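The values are calculated or read from the model by the stated rules, or taken from the named source; none is laboratory data. Fair warning: this is a prediction, and the values are worked out from it, not measured in the lab. Positions of Cβ are backbone-derived with ideal geometry, glycine not excepted, and every protein chain shown enters the neighbour counts.
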2 protein chains.
Amino acid sequence: MNHYSSLSQTELRELKNSLQKSFEEQKALGLNLNMARGKPCKEQLDLSMEMLDLVNGKSDMMLSDGQDARNYGGLEGLPEMRELFGELMDADPCDVIVSGNSSLTLMFDVIASAMTDGFDGSLPWIQQGTLKFLCPVPGYDRHFSITEYYNFEMIPVPMTVSGPDMDLVEKLVSEDPQIKGIWCVPKYSNPQGITYSDETVRRMASLKPAAPDFRVFWDNAYCVHELTDQPDQLLSIFAACKEVGNEDLVVQFTSTSKITFAGAGVAAVAGSKKTLQNFRRRLFFKTIGPDKMNQLRHLLFLKDMDGIYQHMEKHRKLLAPRFEVVLEHLKELGETGTARWVIPKGGYFVSVDVMDGCAKRVVSLCKEAGVVLTGAGATYPLGKDPKDSNIRIAPSFPPVSELEAAMKVFCISAKLAAVEKLLEDAQG
Amino acid sequence: MNHYSSLSQTELRELKNSLQKSFEEQKALGLNLNMARGKPCKEQLDLSMEMLDLVNGKSDMMLSDGQDARNYGGLEGLPEMRELFGELMDADPCDVIVSGNSSLTLMFDVIASAMTDGFDGSLPWIQQGTLKFLCPVPGYDRHFSITEYYNFEMIPVPMTVSGPDMDLVEKLVSEDPQIKGIWCVPKYSNPQGITYSDETVRRMASLKPAAPDFRVFWDNAYCVHELTDQPDQLLSIFAACKEVGNEDLVVQFTSTSKITFAGAGVAAVAGSKKTLQNFRRRLFFKTIGPDKMNQLRHLLFLKDMDGIYQHMEKHRKLLAPRFEVVLEHLKELGETGTARWVIPKGGYFVSVDVMDGCAKRVVSLCKEAGVVLTGAGATYPLGKDPKDSNIRIAPSFPPVSELEAAMKVFCISAKLAAVEKLLEDAQG
């Protein structure tokens, strides 16, 4: 098949008719499919059901530190869970706080703490006038929402195949003291599935920010979430920071939301004593302690890093075929030159760049035919994709058969939108 | 026994010698007892163990609203849990948000939301200069900590047997727009066990604050936590507000922390659409959803209000004998005129006023003899009890035998401190 851009107007018009016919056929099927959110599917959730039987009506609830898992207390989490998360994040367990069911909430609260208390003796952010945050794009909408909530001016930084454009990051961060942070999903990034190269990690760890209270928000959400036999290797950011004496620069987050139960997992944050000091104080004032029973449940189920790796293999078996369906269908778009994407080796998404100016139209066409996608633009701060080209596909939730149907609709919609655009451009 | 105040100096000196001897005897026992925090005891926690078997490896996880309890979503909680908490708080389920394991965290976050976003169109609190909060005393230290964290000037309001001194509350609230809230534990108050009278509830609901963004923080922590056959009846604050057209005035909180598991219960907040609007927005930005599995667990276990009442009867059987031990020992202090207290009909504490100027000394003597009490002054903002007389006793955690031993130490310490004080005053 020729690239659509090389077709004549007559050929395009014929193609449009044929695509419209296909589209109407799909629409007539009355589909009701959803590829919008990175939700684990039922079979993935079923993988952790036995965890529920490990803490039961007959369980011993006394923890290794002498606490009763059921009672108040244990502000920073079970010692063993702090160790396990320490391994996941390559952090000293003393620098790890395990709390609640959501790493997003921890990120929100670290920023909330900085707003009112700053970092390590700096002025509270809220007293520092215009605040700015670097947002690698495309990126995770819920990250951008947090900085939107706190009225940050969000500066998009383009992603490259090795991570955020570090020339730009270094320049901006070293020049502008109003820039207080950067959102990073360093392994299998949301949505592109890109893993930061060693050089990117080292350059990130070596940043010399104009603002002493600048922090790197390192959301290691997909640290063990492989789709292939050749996992990407992410350099340890904490080790890299230590090498250059920049230990206070990074706050790292992760959770078991996509290891055990999406809504009932365990989340953790890690950072240096100085960096987490104010957050710890906030935590002390706002809670008497986390749900230690859920932490105990996780500990007995996952056990250790080997346990986690073995468990993640089971997820991979369910997820990899879903990604294959998506990637297989995308190939036909590639042949027409109407879409570009990175093949992810892990994570939860496939990021597709359709033809410039077509993303909203594709999402709208899909919706018309019963396929819900993440809103176009969602991967950009304030939902504004300047090229209107990026669409995030989330293959995890629907069964393979539904994915097949949904991707068929997606591909027809992407082609139809492209043809419409090419004809419009030719006439305009 | 005569009141100590009627004793001569000689008699006091003799008494001091005898009490010191008793104290040394107690000290020699090498006790290690704790009446410091309102933690449920092991037997209380055991009452809810079967809850753990109700959501198990074979459970159906599909909720009535079509959601999977294990997955993301369900921001405001399970519909049935919102209904149940609605009954507990006499609130419309639509006005109830069920979230997390801690009502303290919900209180913190409602205040945090008001700091940055205000209430219902008002200026963010943080932009309004000096902020003030009314603190009925003695009160709950963790309430005062939240307003301490946010730098409120805390104005103590004396408690009466029918609740906070409403003459003073009405005067202060109607005159000073910098006063933004009042902390209330309306039933079996922490620490005195006082239930607000109908008149107090009605006057609270009818407040006409100078600040449009003033709110009553109604922490109904002990709403079903009875110790006797004649429960106190608390008037519904929401109904009282509605009667006078003051629906936006109150934010109510409660939790199952002292119904099921202290560290792994479920908490809820209720308030009008306008009052919770900004909090809801904050919640939307900071989390994808609460732990719905724990909510499901609670729903299957507690079922309905009858289920809760029946379950609370079991708690009462464990708690009432503990309170009896405390009250029985206190009687001998009463006879000496060295302490006053209210007999609580529910809740978790006995609030004892020892002789003025003696609370710190009593706590210190107890500690010396191996009995840990809540720090003297903890029931006052910033830990400053102007009379140095209030001590909060928490009888729930220790076994009855330990309570007997601990109360013996407490009574000797209270008497010894009183005698020391009387002698000092006589000489001074």
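Points worth noting:
- B:Gly38 vs. criteria more than 30 Å from A:Glu43 (Cα to Cα) and within 14 Å of another protein chain (Cβ to nearest Cβ): yes
- None of A:Pro177, A:Pro164, A:Pro158 is under 18 Å from the mean Cα position of the chain (by Cα), farther than 14 Å from A:Ile111 by Cα and either outside the structural domain of A:Phe217 (by TED's automatic domain parsing) or surrounded by fewer than 22 Cβ atoms within 10 Å (Cβ to Cβ) (or both) except A:Pro158.
- Considering each residue of the stretch A:156-175 in turn, at least one proves to be more than 30 Å from A:Met293 (Cα to Cα), part of a helix (DSSP H, G or I), of a type outside the set (D, E, K, R) and in contact with a helix residue (DSSP H, G or I) (Cβ under 6 Å, 6 or more places away or on another chain).
- The set of residues from the stretch A:41-58 being over 19 Å from A:Asp304 (Cα atoms) and facing chain B (nearest Cβ under 7 Å) comprises A:Lys42, A:Leu45, A:Asn56, A:Gly57.
- When the residues of the stretch A:135-148 are filtered to those that are in contact (Cβ under 8 Å) with a residue 12 or more places away in the chain and in contact with a helix residue (DSSP H, G or I) (Cβ under 7 Å, 6 or more places away or on another chain), the one that is farthest from A:Ile179 (Cα to Cα) is A:Arg142.
Conditions (1) touching a Gly at 6+ places or on another chain (Cβ under 9 Å); (2) crowded, with 18+ Cβ neighbours inside 10 Å; (3) within 11 Å of chain A (Cβ to nearest Cβ), marked per residue:
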| position | (1), (2), (3) |
| --- | --- |
| B:Asp219 | no, yes, no |
| B:Gln233 | no, no, no |
| B:Ala264 | no, yes, yes |
| B:Leu276 | no, yes, no |
| B:Lys286 | no, yes, yes |
| B:Gly289 | yes, yes, yes |
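- Every residue from the stretch A:77-108 that is of a type outside the set (A, V, I, L, M, F, W, C), within 13 Å of chain B (Cβ to nearest Cβ) and in a helix (DSSP H, G or I): A:Ser103, A:Thr105
- If you go through the stretch B:366-377 and keep only what is surrounded by 24 or more Cβ atoms within 10 Å (Cβ to Cβ) and in a helix (DSSP H, G or I), you end up with just B:Cys366.
- Residue that is aliphatic (A, V, I, L, M), within 13 Å of chain B (Cβ to nearest Cβ) and touching a Ser or Thr at 6+ places or on another chain (Cβ under 8 Å), where the choices are A:Ile111, A:Ile194: A:Ile111
- Among the residues of the stretch B:114-147, those that are more than 19 Å from B:Asn390 (Cβ to Cβ) and assigned to a loop (DSSP other than H, G, I, E, B) comprise B:Gly118, B:Phe119, B:Asp120, B:Gly121, B:Ser122, B:Leu123, B:Pro124, B:Gln128, B:Gly129, B:Thr130, B:Leu131.
- Taken over the stretch A:384-408, the criterion of being aliphatic (A, V, I, L, M) and under 17 Å from A:Pro344 (Cβ atoms) is satisfied by A:Ile391, A:Ile393, A:Ala394, A:Leu403, A:Met407.
- Residue in the stretch A:325-358 that is surrounded by the fewest Cβ atoms within 10 Å (Cβ to Cβ), counting only those that are part of a helix (DSSP H, G or I) and within 20 Å of the chain's Cα centre (by Cα): A:Leu327
- When the stretch B:64-76 is limited to residues that are out of contact with any Leu (no Cβ under 6 Å at 6 or more places or on another chain) and buried (at least 18 other Cβ atoms within 10 Å of the Cβ), the one that is farthest from the other protein chains (Cβ to nearest Cβ) turns out to be B:Glu76.
- For the stretch B:378-416, the set of residues classified as basic (Lys, Arg) and surrounded by fewer than 24 Cβ atoms within 10 Å (Cβ to Cβ) consists of B:Lys384, B:Lys387, B:Lys408, listed by residue number.
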